[in-house]
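First the structure, in the form of structure tokens, and then the observations on it.
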Amino acid sequence: DQNSLILAIESSCDETSVAVVKNGDIILSNIIATQINSHQRFGGVVPEVASRHHIEQITICIDQSLKQADVDKKDLDAVAVTYGPGLVGALLVGVSAAKAFAYANNLPLIPVNHMIGHIYAARFVKPIVFPSLALLVSGGHTELVYMPSENEFKIIGETRDDAAGEAYDKVGRVMGLKYPAGKAIDELAHEGQDTFHFPRAMEHEDNFDFSFSGLKSAFINTVHHADQINEELSKADLAASFQQSVVDVIVDKTVRACEQLDIKQLILAGGVAANRGLRDALDAKISEKLDDLDFVKAPLKLCGDNGAMIGAAGEMLMRHDQFADMTLNADPSLEF
Ligand code: KG4
Ligand code: ZN
């Protein structure tokens, strides 16, 4: 038959996730075991702790995923797995489990780049059409990726220092918020105003690159200075000001890229794509300036790391015969 069933495994950071995806765009199950509670007291992800949790969770997640999907192992067509970028020890758990499962069940193995996975989360909303541009904003990446066709990826702009999510998390730490702080800052921002007017680095430069470390420093200096003179700053205004700077720069550059490139679709994906301020601002700007452009936001629940997006990308790679053998290894700094 024409149907394909892929078991997809993701373990690049602090989520162990296993999904069963049908035909690349139907989620039969998507089990996500998060370890955030174990990392929070350290203020960030501790790689060694992450690996241990993945080891504990991986086989449970595989079993649950098959059970929830009501799929038998023998009906699967392939196993897809994230092999990079990410934490090497965390990636290795998923890669080893995928190899063992594929070998034991005589299934082909599909190696998936985590960032391609994030982009392909958009498939669960509607088909991706090409040429397409993806705005990828996550904890480790902030980049604009041009896709002439479904398996071609060209970075046209990226951050020169911190990723957007990283800036959110660092600023959150200074505000005393729990890791990861993106969602909490997003919520606070909606109760405040942009009263601080933090810098908007590189906004008017003639390229598609980003920089968030200056904004982060300006934010930290403002908070420390207030501490020294015992001045109480509004957390909501701090959050709103920070978020407005991030959103302004990202929206400006992305819209300019859309105007300059001949594309049919813009995709917003990655953990920070869950940001309400960013989603709303892009919606508004695109309907104002580029009304014909199809703008697809990854579903809220699939912005963060998950197995389903790996299955969606895996199905595409399978059609391009991009299989791996048992020598597949984790590649922590994998690029497109
Ligand atoms: O894609 P992701 O789950 O993991 C990586 O591949 O990095 O992204 C995680 C990042 C974290 O930095 C987190 O703070 C951020 O996404 N994040 C958000 C929001 N939700 C998650 N940032 C801003 N606003 C949000 N609503
Ligand atoms: Zn991610």
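The values are calculated or read from the model by the stated rules, or taken from the named source; none is laboratory data. Please read all numbers here as calculations on a predicted model, not as lab measurements. Here the Cβ positions follow ideal geometry from the backbone for every residue, glycine too, while neighbour counts run over all protein chains shown.
Quick rundown of the values:
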| read-out | value |
| --- | --- |
| Residue list for the range 1-14, restricted to those being within 18 Å of Gly270 (Cα to Cα) and part of a loop (DSSP other than H, G, I, E, B) | Ser11, Ser12, Cys13, Asp14 |
| Unmet requirement for Phe295, which otherwise passes all of (1) surrounded by fewer than 16 Cβ atoms within 10 Å (Cβ to Cβ); (2) not in a helix (DSSP H, G or I) | (1) |
| Strands (runs of 3 or more DSSP E) enclosed by the range 45-158 - at least 1 residues per element that are aromatic (Phe, Trp, Tyr) and at negative phi | 78-84, 142-147 |
| Looking only at the range 139-160, and only at residues there that are polar (S, T, N, Q) and surrounded by fewer than 19 Cβ atoms within 10 Å (Cβ to Cβ), the one that is farthest from ligand 2 (Cβ to nearest atom) | Ser149 |
| Hey, Thr195 farther than 28 Å from Tyr146 by Cα and polar (S, T, N, Q) or not | yes |
| Residue satisfying condition, being at pLDDT 95 or above, within 16 Å of ligand 2 (Cβ to nearest atom) and buried (at least 19 other Cβ atoms within 10 Å of the Cβ), within set Gly192, Gly165 | Gly165 |
| Residue that is surrounded by the fewest Cβ atoms within 10 Å (Cβ to Cβ) [pool: residues in the range 15-44 that are part of a loop (DSSP other than H, G, I, E, B) and modelled with pLDDT of 95 or more] | Asn23 |
| Subset of the range 120-141 [under 24 Å from Phe210 (Cβ atoms) and within 16 Å of ligand 1 (Cβ to nearest atom)] | Tyr120, Ala121, Ala122, Ala134, Leu135, Leu136, Val137, Ser138, Gly139, Gly140, His141 |
| Scope the range 101-114; condition within 14 Å of ligand 1 (Cβ to nearest atom) and either charged (D, E, K, R) or in contact with a strand residue (DSSP E or B) (Cβ under 6 Å, 6 or more places away or on another chain) (or both); matching residues | Val112, His114 |
| Hey, Asn207 more than 21 Å from Gly157 (Cβ to Cβ) and away from ligand 1 (no atom under 16 Å from the Cβ) or not | no |
| Residue among Val223, Val251, Val246, Val272 that is more than 20 Å from the chain's Cα centre (by Cα) and outside any strand (DSSP E or B) | Val223 |
| Flag for Leu328 being surrounded by fewer than 21 Cβ atoms within 10 Å (Cβ to Cβ), in contact (Cβ under 8 Å) with a residue 60 or more places away in the chain and farther than 16 Å from Glu143 by Cα | yes |
| Meets criteria (more than 16 Å from ligand 1 (Cβ to nearest atom), more than 30 Å from Gln265 (Cβ to Cβ), β-branched (Val, Ile, Thr) and buried (at least 20 other Cβ atoms within 10 Å of the Cβ)) for Val79 | no |
| Test set (1) closer than 21 Å to Ser132 by Cβ; (2) in contact with a Pro (Cβ under 9 Å, 6 or more places away or on another chain) - Ser245 fails condition number | (1) |
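A quick yes/no check of all residues on (1) within 16 Å of ligand 2 (Cβ to nearest atom); (2) exposed (fewer than 15 other Cβ atoms within 10 Å of the Cβ); (3) closer than 18 Å to Asn23 by Cβ:
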position: Gln265; (1), (2), (3): no, no, no
position: Ala274; (1), (2), (3): yes, no, no
position: Ile286; (1), (2), (3): no, no, no
position: Lys289; (1), (2), (3): no, yes, no
position: Leu302; (1), (2), (3): yes, no, yes
